[in-house]
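To start, the structure itself, in structure tokens.
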């Protein structure tokens with residue numbers, strides 16, 4: 001558990017207060033010069049973060065003329081934390097030692113006296129303590145920065161590894177889609193074509209033609225998806241044209257469902273809104289084919305002030321429903337797409353046993369062009 005450091009202004013105020021207490025203990029008010037130097041040294045600590053060298057120089061006179069040395073020690077510690085020049089720190093420590101030793105001079109001073117060496121050693125140790133402590137704090141700070149850099153580098157390495165794994169999985173998925181899914185859809189298209197040519201029943205021929213047409217479209221989309229999956233980090237793949245409102249009629253015609261389409265919208269809507277409308281109708285008609293065989297569908301798209309509302313309603317099924325696999329990802333995708341555009345998707349059964357899906361999207365500032373009438377398939 002890391003210890004939370006106090007705010008810098010609070011710490012500076014505490015150091016100034018401690019220096020003033022040191023002045024009160026060691027300075028004599030009857031000696032104005034020493035008192036002024038000691039007070040100047042105490043308040044100079046307010047500059048220690050921005051001007052550490054100047055702060056130390058301002059505290060030296062107090063060491064030279066009085067016993068109030070706390071401010072100089074604090075300034076020396078700050079200098080050791082903020083600077084990397086070892087020579088400068090040695091010079092400052094020697095300056096403090098000499099200044100403090102001069103203030104201790106007495107008539108009996110001499111290097112032949114053992115007490116002189118004791119005072120010199122004590123003063124040098126006093127000057128060395130804040131220097132070593134400051135260097136220790138600086139080393140700890142550098143170590144923390146280095147650890148943070150290592151952590152960021154490891155995170156970047158993990159991201160690169162994850163991207164490599166994802167690219168490998170995409171390549172594997174593309175291979176499986178090409179070798180398995182595309183092959184099976186090709187067989188469906190071939191069999192449907194053979195059935196269309198060999199059958200004499202008109203309804204069977206029409207159904208076989210629809211199956212073959214949808215299979216060919218599915219193969220084209222699969223080929224594009226395979227190319228996208230295989231292009232991981234390479235040159236961008238040219239995207240196929242995105243659907244718009246102009247493609248709704250073709251979607252309804254190819255749905256093989258008796259569908260009534262009514263819309264009063266024009267193609268002036270933003271492309272993301274048009275794609276959302278198209279994908280919603282596409283998913284709804286797909287669900288009708290899967291879960292309501294033989295049902296009729298009605299698609300209503302209308303503009304209401306600053307809102308576009310799309311409603312797809314189907315009647316109850318007229319044939320037995322086949323049990324088909326479904327993970328409901330289609331509806332989840334529609335809801336996510338609508339939320340990105342600021343809209344909503346709701347769905348649920350109707351009172352007559354059918355089902356209804358409703359998309360609401362905001363389209364502020366867009367006006368629809370009225371195109372009355374119904375189109376049936």
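Of all residues in region 127-140, those satisfying the criterion of being over 25 Å from residue 99 (Cα atoms) and in contact (Cβ under 8 Å) with a residue 40 or more places away in the chain are 137, 138.
Residue-wise test of (1) closer than 23 Å to residue 15 by Cβ; (2) in the same structural domain as residue 33 (by TED's automatic domain parsing); (3) modelled with pLDDT under 80.
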{"position": "61", "(1), (2), (3)": "yes, yes, no"}
{"position": "75", "(1), (2), (3)": "yes, yes, no"}
{"position": "100", "(1), (2), (3)": "yes, yes, yes"}
{"position": "105", "(1), (2), (3)": "no, yes, yes"}
{"position": "135", "(1), (2), (3)": "yes, yes, no"}
{"position": "158", "(1), (2), (3)": "no, no, no"}
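Taking every residue in region 23-34 that is assigned by TED's automatic domain parsing to the domain that holds residue 67 and surrounded by 10 or more Cβ atoms within 10 Å (Cβ to Cβ) and pairing it with any residue that is at pLDDT below 75 and outside any helix (DSSP H, G or I), at least 6 positions away or on another chain, the pairs with Cβ-Cβ distances below 6 Å are 34/27.
Checking 81, 90 one by one, the residue that is modelled with pLDDT of 80 or more and buried (at least 17 other Cβ atoms within 10 Å of the Cβ) is 81 and no other. Would you check if residue 285 is part of a strand (DSSP E or B) and under 27 Å from residue 211 (Cβ atoms)? No, not satisfied.
The values are calculated or read from the model by the stated rules, or taken from the named source; none is laboratory data. For clarity, every value in this text was computed on a predicted model and none was experimentally measured. Using ideal geometry, Cβ is built from the backbone for each residue, glycine included, and neighbour counts are taken over all protein chains shown.
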